[in-house]
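Every read-out reported here was derived from the displayed coordinates using simple, explicitly stated rules and does not represent laboratory data. Just so we're clear, the structure is a prediction, and the values are computed from it rather than from any experiment. Please note: Cβ atoms are built from the backbone with ideal geometry, for glycine as well, and neighbour counts cover all protein chains shown.
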Amino acid sequence: MAEPRRLTPLGTPAELRGECARIRSAGQSLGLVPTMGALHAGHRSLILRSLAECDRTAVSIFVNPTQFGPGEDFDRYPRSLEADLLLCSELGVDLVYAPTAEAMYPDGFATWVNLRGVLVETLEAAHRPGHFQGVATVVTKLLVTARPDRAYFGQKDAQQCAVVRRLAADLDTGTEVVVCPTVRDSDGLAFSSRNARLDPAARRQALAIPAALAAAAAAHRAGETDPERIRRLILGRLAESPDLAVDYVAVVDAETFEPARQVSVRCEILIAARIAGTRLIDVLRPGTDERLAVGAGG
Ligand code: AMP
């Protein structure tokens with residue numbers, strides 16, 4: 001079999017705009033998969049979905065400094081551009097965009113995209129001030145430059161998905177935002193670029209997160225619809241991992257992120273927790289996330 005051609009990443013907005021314009025003028029549809037690199041099976045599933053649904057697929061790889069707060073892990077964030085390019089080539093990705101921070105935020109940069117309301121005040125927003133301003137700004141820049149027909153995001157980052165859906169609609173981008181299911185490792189832990197930093201002991205404790213969500217799913221299947229009882233069930237399960245520091249457990253409406261009055265398919269059950277300096281998030285959509293590894297943990 002022929003070696004896949006090594007992709008040469010595009011590095012500037014002008015290059016991305018030019019390539020994407022060529023695709024559009026050839027009458028082809030374009031899918032965009034925005035990532036921060038260190039690609040894993042979760043990213044792979046987004047890329048495969050785009051390849052299946054669009055004529056051409058672009059992957060962006062950019063560790064976006066503006067979505068990290070002071071003291072967060074921007075410097076320690078895993079980076080593996082060569083391996084990422086190889087994976088993209090093997091999968092048949094058409095173009096990779098890997099700009100520098102200077103190309104994205106040149107001197108004098110002064111335009112920030114800010115949403116308003118509960119969605120950008122609660123949970124991740126409260127724990128990571130400025131995070132969604134950075135996310136909304138970089139995603140808007142990517143959508144404006146590439147003008148993809150579809151953009152692919154992972155359910156694991158549920159609040160990010162809600163923010164992106166909102167901004168794509170509000171700014172009339174014309175891009176369909178496609179949210180893909182969370183991909184989990186065989187032990188139930190959701191794939192994350194940050195998992196590489198977990199040693200075996202930390203990883204064992206982190207498994208309380210999917211186990212707690214599995215317990216919540218089981219309780220919901222058995223008829224539990226009270227958000228507070230579901231929260232307490234999850235907190236109890238997480239407490240079995242003594243080194244896991246819980247940032248929040250929440251049951252919210254999936255669109256508005258207002259607290260849910262009843263657990264239903266319109267809700268998301270969210271967990272954020274830290275273990276050994278690594279912050280992990282996970283989510284369950286009750287009634288729809290049957291692939292969650294029930295009973296994972298230990
Ligand atoms: P990141 O590189 O972490 O910014 O993630 C890039 C995209 O991949 C985001 O839309 C994430 O939600 C998505 N993603 C990350 N982890 C997973 C996962 N385990 N399953 C599915 N999608 C994921």
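Taking one quarter of the surface of the convex hull spanned by the alpha-carbon atoms of the range 168-259 gives a direction-averaged projected area of 8.1 nm². Any chance you could list P(r) for the chain, counting all Cα-Cα pairs in 5 angstrom bins from zero, rounded to whole %? Percent of pairs per bin, in order: 1, 5, 12, 15, 18, 17, 14, 9, 5, 3, 1, 0.
Given +1 at the Cβ of Lys and Arg, -1 at the Cβ of Asp and Glu and no other charges, the dipole of the chain around its Cα centre is 220 debye to the nearest 20. Using C-alpha pairs below 8 Å separated by at least 6 residues, the relative contact order for the range 193-284 is 30 percent. Rounded to the nearest 500, the 222 nm mean residue ellipticity of the chain from helices alone is -11000 deg cm²/dmol, with -39,500 (n - 2.57) taken per DSSP H run of at least 4 residues.
Of the candidates 23, 269, 209, which one comes out as most mobile in a Gaussian network treatment of the chain with C-alpha springs shorter than 10 Å? Answer for the Gaussian network model of the chain: 23.
Backbone amide hydrogens, once placed in the peptide plane, bring residue 184 within less than 5 Å of 191, excluding anything fewer than 5 places away on its chain. Taking amide H atoms as placed 1.01 Å from N in the peptide plane, the amide H of residue 32 lies under 5 Å from those of 58, 150, 151, 152, each 5 or more residues away in sequence or on another chain. With Cβ to Cβ distances under 13 Å as the rule, what net charge do the other residues near residue 141 carry (K, R +1; D, E -1)? Result for the local shell: +2. Here the 3J(HN,Hα) profile of the range 81-94, calculated from phi with Karplus coefficients 6.51, -1.76 and 1.60 at θ = phi - 60°, is 4, 4, 5, 5, 5, 4, 4, 4, 4, 4, 6, x, 4, 7 Hz, Gly and Pro shown as x. Once both labels are positioned 7 Å from their Cα atoms along Cα-to-Cβ, the gap between residue 55 and residue 28 label points is 0.8 nm.
Just the projected area, averaged over all directions, of the convex hull on the alpha carbon atoms of the range 139-298: how many nm²? Before the final figure, lay out the partial values.
Details: hull surface 38.6 nm².
Averaged projected area of the range 139-298's Cα convex hull equals 9.6 nm².
Once the gyration tensor of the Cα atoms in the range 13-180 is diagonalised, the equivalent ellipsoid follows with semi-axes of 24, 18, 16 Å, ordered largest first.
Work out how much length residue 48 to residue 170 would gain on full extension: take 0.36 nm times their residue separation and subtract the Cα-Cα distance, in nm to one decimal. Mind showing how you got there, number by number?
Working: separation 122, 0.36 × 122 = 43.92 nm, distance 2.76 nm.
Length gained, residue 48 through residue 170: 41.2 nm.
Here the relative contact order of the chain, from alpha carbon pairs under 8 Å that lie six or more residues apart, stands at 17 percent. Which Cα, out of 115, 70, 163, lies furthest along the positive dipole direction of the chain (beta carbon charges, K/R +1, D/E -1)? Of 115, 70, 163, it is 163. Taking 1.567 mPa s as the viscosity and 4 °C as the temperature, the Stokes-Einstein diffusion coefficient of the range 220-281 based on its alpha-carbon Kirkwood radius rounds to 105 µm²/s. Counting 0.36 nm for each residue step from residue 265 to residue 80 and taking away their Cα separation leaves a gain of 62.9 nm. Just check the range 180-231 against the gyration tensor rule for me: Cα atoms, a ≥ b ≥ c as the square roots of the eigenvalues, rounded for a/c under 1.5, and otherwise prolate or oblate depending on whether a/b exceeds b/c. Taking the square roots of the gyration eigenvalues as a ≥ b ≥ c, the range 180-231 is prolate.
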